[in-house]
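Trainee: For reference, the structure I am asking about is given below.
The values are calculated or read from the model by the stated rules, or taken from the named source; none is laboratory data. These figures come from a predicted structure and were not determined experimentally. Backbone-built Cβ (ideal geometry, glycine too); neighbour counts: all protein chains shown.
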Amino acid sequence: MYKKHNFGAGPCILPSSVMEQAAQSVINWNGMGLSILEVSHRSPEFEDVVLKTQLLVRGLLSVPDHYSVLFLQGGASTQFAMVPMNFLAAGKKASYLDTGYFAQKAIKEAKLFGDVEVVASSKDRNYAYIPGQFNIDPQSAYIHYTSNNTIEGTEIFDFSATGVPVICDMSSDIFSRKIDVSNFDLIYAGAQKNMGPAGMTLVIAKNEFLDRAKKEIPSMMDYQVFRDNMSMYNTPPVFSIYVAMLNLLWLKDQGGVSGIEQKNIEKAKLLYAEIDRNPLFYGTAEVEHRSRMNVTFLAVNKDAETQFLAFAANMGIVGIRGYRTVGGFRASLYNALPLSSVEVLVNAMVDFERIYSD
Ligand code: PLP
């Protein structure tokens, strides 16, 4: 079998048609007799790629005109620091919702720049839910959310109005479902789940909010510098941007974000139904906060865990071992994972139940 059923949480799950085009571009891009890896990022051909990729992002997410679309580097982890460096001044306060491992990392970085108020946390139950009720100080510089908690398998579906600027880490669910960009002042996402290869970070930000950023910050950490230089202040991650463009074209062919959202709902429904039916397994996240992208579940009997991993591996299923803080299994159902792979996993669970119970 050439292709495994890859349920890994990242990096870079892409459709095979995109992988094939990407492979070709490394050898001879656009018939230019050059690899995409050696073409100048200042060439009109590559500037065209950047422009097209930005337009695809705008089209697929219906980004309003008064927002900028930026391609940065350093992953979402750099955004954990870049956000407060730009928007949180000493003596001021920012609000954070603590929904898991990556939210905590964002909180840790923000504390280097000003006061951080954690408005609510689901740590008390190992982050198995999204806190519902909390107050946000109207004086806060912003509220920070993590829309999809990749490790804990929870997702925020309702972003209520808050009265302060809203910043959201959408690394693991951007492009998987419709969002209303105008509800956010700044969205960031490491590309490597649903957008393209690791190496680029997408930022979508309201211009008026960017205008308010602090001025005395290093150029590479300054959103305005990237906005003023068409995301090419320095050498951009050429290959990552190019492959993201190919992948977004693929997404457009799937009926765009609303088309893929329907498929993602179907995949998640199928797998959660089996987790709820099969007496050997149970889900870790509260039902109404279950993520469609990262499905976390445990085996009722601990000894069944290693056995199921081996059983599934025999069927070409890879990447389902859960993160150590949650344990058990995590099946990531990113855009490029076909429904047929979820069917293979569900069948493996059904077969395993029969064999294990004998
Ligand atoms: N935030 C979320 C929700 C993630 O899932 C990840 C990585 O998986 C990160 C942040 C960190 O991203 P990066 O590795 O691009 O720094």
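Trainee: Which is closer than 29 Å to SER147 by Cα and assigned to a helix (DSSP H, G or I), of VAL350, VAL326, VAL295, VAL346? Before you say what the answer is, go through the steps one by one.
Mentor: Values: VAL350 fails: closer than 29 Å to SER147 by Cα; VAL326 fails: assigned to a helix (DSSP H, G or I); VAL295 fails: assigned to a helix (DSSP H, G or I).
That would be VAL346, the only listed residue that is closer than 29 Å to SER147 by Cα and assigned to a helix (DSSP H, G or I).
Trainee: Could you go through segment 202-212 and let me know if any residue there is in contact (Cβ under 8 Å) with a residue 24 or more places away in the chain and within 10 Å of the ligand (Cβ to nearest atom).
Mentor: Initially, segment 202-212 is screened for residues in contact (Cβ under 8 Å) with a residue 24 or more places away in the chain, giving 202-210, 212.
Still in the running and within 10 Å of the ligand (Cβ to nearest atom): none.
Scanning segment 202-212, I find no residue that is in contact (Cβ under 8 Å) with a residue 24 or more places away in the chain and within 10 Å of the ligand (Cβ to nearest atom), so the answer is no.
Trainee: Another question, if that's okay. Looking at (1) surrounded by fewer than 21 Cβ atoms within 10 Å (Cβ to Cβ); (2) under 25 Å from SER140 (Cβ atoms), which is the one condition that is false for GLY75?
Mentor: Looking at each condition in turn, GLY75 falls short on (2).
Trainee: Picking from TYR242, TYR188, which residue would you name as being touching a helix residue (DSSP H, G or I) at 6+ places or on another chain (Cβ under 7 Å), closer than 21 Å to ILE36 by Cβ and aromatic (Phe, Trp, Tyr)? Write out each step before concluding.
Mentor: Details: TYR188 fails: closer than 21 Å to ILE36 by Cβ.
Going through TYR242, TYR188 in turn, the sole match is TYR242.
Okay, residues lined up against (1) assigned to a loop (DSSP other than H, G, I, E, B); (2) within 16 Å of the ligand (Cβ to nearest atom):
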residue	(1), (2)
PHE102	no, yes
LYS105	no, yes
PHE113	yes, no
ALA120	no, no
ASP124	no, no
ALA128	yes, no
ASN135	yes, no
PRO138	yes, no
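Trainee: Which residues, counting only those in segment 30-53, are surrounded by 19 or more Cβ atoms within 10 Å (Cβ to Cβ) and either within 16 Å of the ligand (Cβ to nearest atom) or without any contact (Cβ under 8 Å) to a residue 24 or more places away in the chain (or both)?
Mentor: Correct list: empty.
Trainee: Only residues that are exposed (fewer than 13 other Cβ atoms within 10 Å of the Cβ) and in a helix (DSSP H, G or I): list them for segment 271-292, please. Walk me through how you get there before you give the answer.
Mentor: Pass one, segment 271-292, residues exposed (fewer than 13 other Cβ atoms within 10 Å of the Cβ): 273, 276-277, 279, 287-288.
The answer is ALA273, ASP276, ARG277, VAL287, GLU288.
Trainee: Do the conditions hold for ILE174, that is, is it in contact with a His (Cβ under 6 Å, 6 or more places away or on another chain), in the same structural domain as SER68 (by TED's automatic domain parsing) and closer than 20 Å to TYR96 by Cβ?
Mentor: Working: in contact with a His (Cβ under 6 Å, 6 or more places away or on another chain): no; in the same structural domain as SER68 (by TED's automatic domain parsing): yes; closer than 20 Å to TYR96 by Cβ: yes.
Judged against the criteria, ILE174 is not a match.
Trainee: Let me ask you something else. For segment 55-100, give me each residue that is within 16 Å of VAL119 (Cα to Cα) and either near the ligand (Cβ under 10 Å from one of its atoms) or not assigned by TED's automatic domain parsing to the domain that holds SER122 (or both). Write out each step before concluding.
Mentor: Quick first cut of segment 55-100, residues within 16 Å of VAL119 (Cα to Cα) only: 92-100.
Listed by number, the residues that qualify are THR99, GLY100.
Trainee: In this structure, is LEU186 away from the ligand (no atom under 16 Å from the Cβ), more than 23 Å from SER40 (Cα to Cα) and of a type in the set (A, V, I, L, M)? Give the derivation first.
Mentor: Working: away from the ligand (no atom under 16 Å from the Cβ): no; more than 23 Å from SER40 (Cα to Cα): yes; of a type in the set (A, V, I, L, M): yes.
No: the conditions fail for LEU186.
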